[in-house]
Amino acid sequence: MTTVSMTLNGKKVSANVDDRTLLVQYIRETHGLTGTHVGCDTSQCGSCVVHVDGKAVKSCTMLAAQADGSHVTTVEGLANGTELHPVQAAFREHHGLQCGFCTPGMIMSAVDIISRHGADIDEKTIRHELEGNLCRCTGYQNIVKAIQAAAQEMHGAKVAAE
Amino acid sequence: MYDTTYHRAGSLQDAEAKFAAAEDAKFLAGGQTLLPTMKQRLAAPSDVIDLGKVPDLSGISEGDGSLVIGAVTTHYEVASSDVVKRLIPGLAALAAGIGDPAVRYRGTIGGSISNNDPAADYPAALVALGATINTNKRSLSAEDFFEGMFMTALEEDEIVTNVSFPVAEKSAYAKYPNPASRYAMAGVFVAKTSAGSRVAVTGAGSDGVFRVSEMESALDANWSPEAVAGISVPADDLLSDIHGSADYRANLVTVMAKRAVAAT
Amino acid sequence: MGVQGIGASARRKEDKRFITGQGKYTDDMVLPRMGFAAFVRSPHAHAKILGIDASAALDMPGVDSVLTGDQMIADEIGNLICGWMINSKDGSPMNMGAWRALEPETARYVGQAVAVVIADTQAQAKDAADAVVVDYEELPSVINAVAALQDGAPQLHPEASRNLIFDWEIGEKDATDAAFASAANVIKLDLTNNRLVPNPMEPRAALAEYNSAEEHFTLYTTSQNPHVARLVLSAFYNVAPEHKLRVIAPDVGGGFGSKIYIYPEEMVALWASKRTGRPVKWLCDRTEAFLTDAHGRDHHSHAELAVDADNRITGFRVSTIANIGAYMSLFSSCVPTYLYATLLSGQYDIPNIYCDVKAVYTNTTPVDAYRGAGRPEATYLVERMMETAAGELGISPADFRRKNFVRTFPHQTPVIMCYDAGDYDATLDAALKGIDYDGFPARKAEAARRGKLRGIGLSCYIEACGIAPSQAVGSLGAGVGLWESAEVRVNPIGTIEVLTGSHSHGQGHETTFAQLISERFGLDMDNVSIVHGDTDKVQFGMGTYGSRSGAVGMSAIVKALDKVEAKAKKIAAHLMEASDEDIQIEGGELKVVGTDKKLSFTEVALAAYTAHNLPEGMEPGLKEGAFYDPTNFTFPAGTYACEVEIDPDTGKTEIVRFVAADDFGKIINPMIVEGQVHGGLTQGIGQALLENAIYDDNGQLLTASFMDYCMPRADDLPDYELTTHETLCPGNPLGMKGCGEAGAIGSPPAVINAICNAVGDNSISMPATAEKVWQACRAQTQMAAE
């Protein structure tokens, strides 16, 4: 057993867990945040993507102990109170989800993609950047649209703030 | 995943000591290969020793005519490094195409080469560029380091500390990915180095990374896609599986070599 | 959200919980004291089970128990069933072997469950499952359905000699043979429809709880049809009577058919919860999903088309071998028969059709309905044949189709179906225009200058959805009726709950169904909630599959709404001292026509519940239910046009344009319908280019993870261009046809036709992998050189 402490969605948490506990299990089972999902065993589907110290990683391919001392954000920690994050809002507006299972990972990846590429990200780049996220429902078209719209929206907000 | 004991190493010496004390330990860098293997119950180390936070193992620096990349430097860091882009652009491009964005944030150069997956990208770059692999015990040339499929010259308790690349005049990488896993079915790294033209292939060989001397001589004479267009590698030595026959991989080696040269 | 009616692209009511991580899927449910199940599975494709030694496993930490098939038999738990009886040509019933949830004697496919471990944690259960020692005696196995029919092939079940489950036929053989005898041209084609793995992103899961005092079970599970699950678990598997079994399908992360069936694992979880006296949770990992979720397709067919001198089709003759896998899954028998061969007429007026189908056991994962279920196999055959025939006859594929389109309705085909409405010229024209068919030669020439091969392909699909009149399917062998139920509950303050037997696992019912109510009563969407997926709340329902929830499920809601509206009008008329006929509902108010008298919907609802002043003899309350049984299948149809560009150096195919022109009848929410088409097209393109379940000769599934089974990713796909063209379905009150499967049904032949067109080789099969296409390109180049 090992003690794993981290800042999870802005709150300090700590728990004594099996060394083999994956970060996704720590999030879901130890702390009951079930928005992060597990869709495969081979690190390919991306349903489990969370942010560790600001970077989008697959929480099924990281031991909880590796994230000891880190800041972790899950889909539950993305909205600002009742105000949706622009990427969340764009997924809804553009019908970027159907069954909703891949959605949390998609959204967490999308936030990271936008932070790296900015407002003018084109369709081809978004499609390529989604290499690590599988969706079986949407055919990706509306996910791509949502990310593009959110990128522009977030950039607009940034410009307005400056 | 079978039960295991996790240790975070604070220094290289600490990692060595922890390894020595454990029954059947494995070093953990980014974990992007080791953890999936453990999850599938295909590996069951008694202990994992995390090198991720060892201070001296991370970072990118420019030496005298060389580029040095610490072992736990992530693919993302290599891909986005201005130094790498300036000195060896082909290497930055290669790193930008490993796995997917989430994997690139965690996966490391040291972890990748120590595992020596026959379809991994880095081995092609290290061999083509004539890189030197430095460990806690010694220095090895890339060609001595990679010994075959999932086999390296590393001893059990040996830790890669960094990889040193001589700066090349030209470099580029082209790969054709396995459509499912997106690992290389054939990845070709071409480099114009002080030691001459070098061509190294990953993903296709049944014994891991290999050089194509015929292409190298042709490129020495004429650095152009046309120079390699007519040269093919024998299919006998290539992998053949549900994703591609040896014949197909042989074709891809030629096509990717052409495209890599064209990209320089 | 405001009032949003039929035709509005209302944003989805369900989305907020999903985008904020508050969806509740089965794996998210936690019960006190719950144990975890891990299955011990056969590593062999075919093997006798000589013994099971659980002693080491039982000594491991956290292990509660190890259960086997013998104990299940002792507890009188029933075998798994196939719910659709098919008779062979000679009238004999299908030959079905026994399928036990935990097999005690003979394992017949890799991954079949032979024992289960229950432990305190999932990791402990898996550790212990590894320690259960099963003594197997390996038997010879057979994987390919054609090989399984050969003399001397390994036999799976004693009930099915030569592994033949049934040899079924449809259509008039003699008349069809006669059409071929007098045909001007006969075109022949052999096709394989590749085996697929459904792979919804949420793997299957179950959480079962038993209350011994009440003798009552609760099962949370990943199901598309919880009521059917309860029916089967009660009536056939003998787990518990229906009133002692509550099945809840909470948020479900996609199904595509694979979550229709009642699998061994869910049934074992229920039984084990009683055996162990604690709740039992089972979570399927992805590799288990590959090995045990019902697969799709896997047909080998030979087809022949008879054409007269005027290029009119006079006959179609098909012979199909369908691989059913090692056991007959719940609807496995109707997929290669009534859901397949009844669609062989396509959009065409074909006077004579004959098809025979041999269904065969092999040592592979059971095969059942997967998005489209039989109809993609039929469409692939018909539309590959149309393009092949046009090529051989030397006329344009579009003209050949036009020459043979059905244009008068109703149209009775020779294979049961009676098409009720459609306009096939309209969707073909729209697709040709959309893709600029006439401009293709110039684009092909331009691509050639860049060293690339361009090709264009069409597919004019038709499908039968909304299955179907209960009496009709009953006469064809179905074990259940295929109606749907609904209940509309108006609360005293005028908010509405709609209880439906349909189940949403991505389709957006919570929104689309609410739009019906919003439109009917002029109420805000926020005042309506849709309740589904719980057998304690909804009395009965048939669930969601076969693109049936619009045409059948919503029709039931419409019927219930009619009753609510009639009663509300009566109450309003009584209160305003007017006649029922003079009451009009508009903008959330009930008005007396031609006066300024009106009551809000809320006032009427309240009056129904206070019951202080109701028409004489009227019962209080405002709640109505309805069952709807359709009069016919519905027939969505359309044309897909695909343009590809191939890199001959690598064989890689890029879909550069994909135009879909669909006729789904009435559309409630265009945004959601487009989403369904995007997803369907992607699964169809996946089948055509990427996806393939491959077994080795020993029955090991080589594609048992996303590392080896190629799922379509964002960068494999084009930006689809969609249009719709509406002809109303005359068979249901809304005129809806269904849209969930069309994309997966219509797209594979469009893609393969385009690739064959680009390469100049008609033999390219699915999936058209880069290597396959490269080989074909190379052969063409060599032929040209010779």
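The values are calculated or read from the model by the stated rules, or taken from the named source; none is laboratory data. In this text the structure is predicted, and so the values were computed from the model without any measurement. For neighbour counting, all protein chains shown are included, and Cβ atoms are generated from backbone atoms with ideal geometry for every residue, glycine included.
Within region B:1-39, track down each residue that is part of a helix (DSSP H, G or I) and among the aliphatic types (A, V, I, L, M).
B:Leu12, B:Ala15, B:Ala17, B:Ala20, B:Ala21, B:Leu34, B:Leu35, B:Met38
Does C:Leu219 count as without any contact (Cβ under 8 Å) to a residue 60 or more places away in the chain, crowded, with 24+ Cβ neighbours inside 10 Å, more than 23 Å from C:Ala98 (Cβ to Cβ) and among the hydrophobic types (A, V, I, L, M, F, W, C)?
Working: without any contact (Cβ under 8 Å) to a residue 60 or more places away in the chain: yes; crowded, with 24+ Cβ neighbours inside 10 Å: yes; more than 23 Å from C:Ala98 (Cβ to Cβ): yes; among the hydrophobic types (A, V, I, L, M, F, W, C): yes.
Taking the combined requirement at face value, the residue satisfies it.
Can you go through B:Leu129, B:Leu154 and tell me which one is away from every other protein chain (no Cβ under 14 Å), modelled with pLDDT of 95 or more and buried (at least 24 other Cβ atoms within 10 Å of the Cβ)? Break it down into steps so the answer makes sense when it comes.
On the way: B:Leu154 fails: buried (at least 24 other Cβ atoms within 10 Å of the Cβ).
Exactly one of B:Leu129, B:Leu154 is away from every other protein chain (no Cβ under 14 Å), modelled with pLDDT of 95 or more and buried (at least 24 other Cβ atoms within 10 Å of the Cβ), namely B:Leu129.
Among the residues in region C:694-708, are any under 21 Å from the mean Cα position of the chain (by Cα), in a loop (DSSP other than H, G, I, E, B), at pLDDT 95 or above and not assigned by TED's automatic domain parsing to the domain that holds C:Gly550? Break it down stepwise before answering.
First, pick out the residues of region C:694-708 that are under 21 Å from the mean Cα position of the chain (by Cα): none.
Looking through region C:694-708, none of the residues is under 21 Å from the mean Cα position of the chain (by Cα), in a loop (DSSP other than H, G, I, E, B), at pLDDT 95 or above and not assigned by TED's automatic domain parsing to the domain that holds C:Gly550.
Among the numbered conditions (1) at pLDDT 95 or above; (2) closer than 27 Å to C:Gln224 by Cβ; (3) within 14 Å of chain A (Cβ to nearest Cβ), tell me where C:Pro61 comes up short.
With (1) at pLDDT 95 or above; (2) closer than 27 Å to C:Gln224 by Cβ; (3) within 14 Å of chain A (Cβ to nearest Cβ) applied to C:Pro61, the lone miss is (2).
Take the residues in region B:8-29 that are more than 9 Å from every other protein chain (Cβ to nearest Cβ) and touching a Lys or Arg at 6+ places or on another chain (Cβ under 8 Å); name whichever of them is farthest from C:Glu288 (Cα to Cα). Break it down stepwise before answering.
Let us first name the residues in region B:8-29 that are more than 9 Å from every other protein chain (Cβ to nearest Cβ), namely B:9-27, B:29.
Those left that are additionally touching a Lys or Arg at 6+ places or on another chain (Cβ under 8 Å): B:9-10, B:25.
Working: B:Ala9: 36, B:Gly10: 39, B:Ala25: 29 Å.
Out of the qualifying residues, it is B:Gly10.
Going through region C:570-599 one residue at a time, which ones are small (Gly, Ala, Ser) and surrounded by fewer than 16 Cβ atoms within 10 Å (Cβ to Cβ)? Give the steps one after another, and end with the answer.
If we filter region C:570-599 for residues that are small (Gly, Ala, Ser), which is where we start, we get C:572-573, C:578-579, C:587-588, C:594.
C:Ser579, C:Gly587, C:Gly594 - these are the residues of region C:570-599 that are small (Gly, Ala, Ser) and surrounded by fewer than 16 Cβ atoms within 10 Å (Cβ to Cβ).
For region C:153-229, please list each of the strands (runs of 3 or more DSSP E) lying entirely inside it that holds at least 2 residues being of a type in the set (Gly, Ala, Ser) and within 26 Å of the chain's Cα centre (by Cα). Walk me through it before giving the result.
Details: elements: C:164-171, C:185-193, C:205-211, C:216-221.
In region C:153-229, the matching strands (runs of 3 or more DSSP E) lie at C:205-211.
Can you list the helices (runs of 4 or more DSSP H) found entirely within region C:438-545 that contain at least 2 residues being within 24 Å of the chain's Cα centre (by Cα) and surrounded by 24 or more Cβ atoms within 10 Å (Cβ to Cβ)? Before the answer, list the steps.
On the way: elements: C:440-449, C:470-475, C:509-521.
Once the helices (runs of 4 or more DSSP H) in region C:438-545 are filtered for at least 2 residues that are within 24 Å of the chain's Cα centre (by Cα) and surrounded by 24 or more Cβ atoms within 10 Å (Cβ to Cβ), what remains is C:509-521.
With the condition kept exactly as written, say whether any residue in region C:53-61 is surrounded by 22 or more Cβ atoms within 10 Å (Cβ to Cβ), over 26 Å from the mean Cα position of the chain (by Cα), aliphatic (A, V, I, L, M) and not in a loop (DSSP other than H, G, I, E, B).
Within region C:53-61, the subset surrounded by 22 or more Cβ atoms within 10 Å (Cβ to Cβ) is C:57.
In the following step, the residues that additionally are over 26 Å from the mean Cα position of the chain (by Cα) were identified as C:57.
Next cut, aliphatic (A, V, I, L, M) only: C:57.
Adding the requirement that they be not in a loop (DSSP other than H, G, I, E, B) leaves C:57.
Within region C:53-61 (the criterion being surrounded by 22 or more Cβ atoms within 10 Å (Cβ to Cβ), over 26 Å from the mean Cα position of the chain (by Cα), aliphatic (A, V, I, L, M) and not in a loop (DSSP other than H, G, I, E, B)), the answer is yes, since at least one residue qualifies.
Name every residue in region C:709-721 that is more than 7 Å from every other protein chain (Cβ to nearest Cβ) and either in a loop (DSSP other than H, G, I, E, B) or touching a His at 6+ places or on another chain (Cβ under 8 Å) (or both), in order of residue number.
C:Pro712, C:Pro718
Taking the options C:Ala205, C:Ala235, C:Ala148, name whichever one is away from chain A (no Cβ under 14 Å), crowded, with 17+ Cβ neighbours inside 10 Å and of a type in the set (A, V, I, L, M).
Working: C:Ala205 fails: away from chain A (no Cβ under 14 Å); C:Ala235 fails: crowded, with 17+ Cβ neighbours inside 10 Å.
Answer to the check: C:Ala148.
Which residues, counting only those in region C:135-152, are in contact with an Asp or Glu (Cβ under 8 Å, 6 or more places away or on another chain) and part of a strand (DSSP E or B)? Walk me through it before giving the result.
Taking region C:135-152 as the starting set, the residues that turn out to be in contact with an Asp or Glu (Cβ under 8 Å, 6 or more places away or on another chain) are C:135, C:143, C:145.
Within region C:135-152, C:Asp135 is the sole residue that qualifies.
Please find, among C:Ser182, C:Ser141, the residue that is surrounded by fewer than 18 Cβ atoms within 10 Å (Cβ to Cβ) and among the small types (Gly, Ala, Ser).
Testing whether each residue is surrounded by fewer than 18 Cβ atoms within 10 Å (Cβ to Cβ) and among the small types (Gly, Ala, Ser) leaves just C:Ser182.
Can you tell me which residues in region C:656-682 are closer than 30 Å to C:Ala448 by Cα and more than 12 Å from chain A (Cβ to nearest Cβ)?
Passing the criteria: C:Val656, C:Arg657, C:Val659, C:Ala661.
Being in a loop (DSSP other than H, G, I, E, B) and without any contact (Cβ under 8 Å) to a residue 12 or more places away in the chain: is that true of C:Glu577 here? It would help to see each step written out before you state the result.
On the way: in a loop (DSSP other than H, G, I, E, B): yes; without any contact (Cβ under 8 Å) to a residue 12 or more places away in the chain: yes.
The answer is yes for C:Glu577.
Can you tell me which residue in region C:683-703 is farthest from the other protein chains (Cβ to nearest Cβ), limited to those that are touching a helix residue (DSSP H, G or I) at 6+ places or on another chain (Cβ under 9 Å) and surrounded by fewer than 23 Cβ atoms within 10 Å (Cβ to Cβ)?
Step one: filter region C:683-703 for residues touching a helix residue (DSSP H, G or I) at 6+ places or on another chain (Cβ under 9 Å), giving C:683-691, C:693, C:701, C:703.
Retained after the next criterion (residues that are surrounded by fewer than 23 Cβ atoms within 10 Å (Cβ to Cβ)): C:690, C:693, C:703.
Numbers: C:Leu690: 6, C:Ala693: 11, C:Thr703: 7 Å.
Out of the qualifying residues, it is C:Ala693.
What tally of residues in region C:757-785 results from selecting those that are away from every other protein chain (no Cβ under 13 Å) and either buried (at least 24 other Cβ atoms within 10 Å of the Cβ) or modelled with pLDDT under 95 (or both)?
Start the filter on region C:757-785 by keeping residues that are away from every other protein chain (no Cβ under 13 Å), which leaves C:757-766, C:780, C:782-785.
Restricting the remaining residues to those that are either buried (at least 24 other Cβ atoms within 10 Å of the Cβ) or modelled with pLDDT under 95 (or both) gives C:757-759, C:766, C:780, C:782-785.
Selection size over region C:757-785: 9.
Identify, from the list B:Ser217, B:Ser197, B:Ser232, the residue that is polar (S, T, N, Q), part of a helix (DSSP H, G or I) and either farther than 30 Å from C:Ala714 by Cβ or modelled with pLDDT under 95 (or both). Before the answer, list the steps.
Working: B:Ser197 fails: part of a helix (DSSP H, G or I); B:Ser232 fails: part of a helix (DSSP H, G or I).
So the residue among B:Ser217, B:Ser197, B:Ser232 that is polar (S, T, N, Q), part of a helix (DSSP H, G or I) and either farther than 30 Å from C:Ala714 by Cβ or modelled with pLDDT under 95 (or both) is B:Ser217.
Is region B:40-60 home to any residue that is in a strand (DSSP E or B), more than 10 Å from chain A (Cβ to nearest Cβ) and surrounded by fewer than 17 Cβ atoms within 10 Å (Cβ to Cβ)? Full working, then the answer.
The initial filter retains those residues of region B:40-60 that are in a strand (DSSP E or B), namely B:47-50, B:60.
Next cut, more than 10 Å from chain A (Cβ to nearest Cβ) only: B:49, B:60.
Applying the additional criterion that residues be surrounded by fewer than 17 Cβ atoms within 10 Å (Cβ to Cβ) yields none.
No, region B:40-60 contains no residue that is in a strand (DSSP E or B), more than 10 Å from chain A (Cβ to nearest Cβ) and surrounded by fewer than 17 Cβ atoms within 10 Å (Cβ to Cβ).
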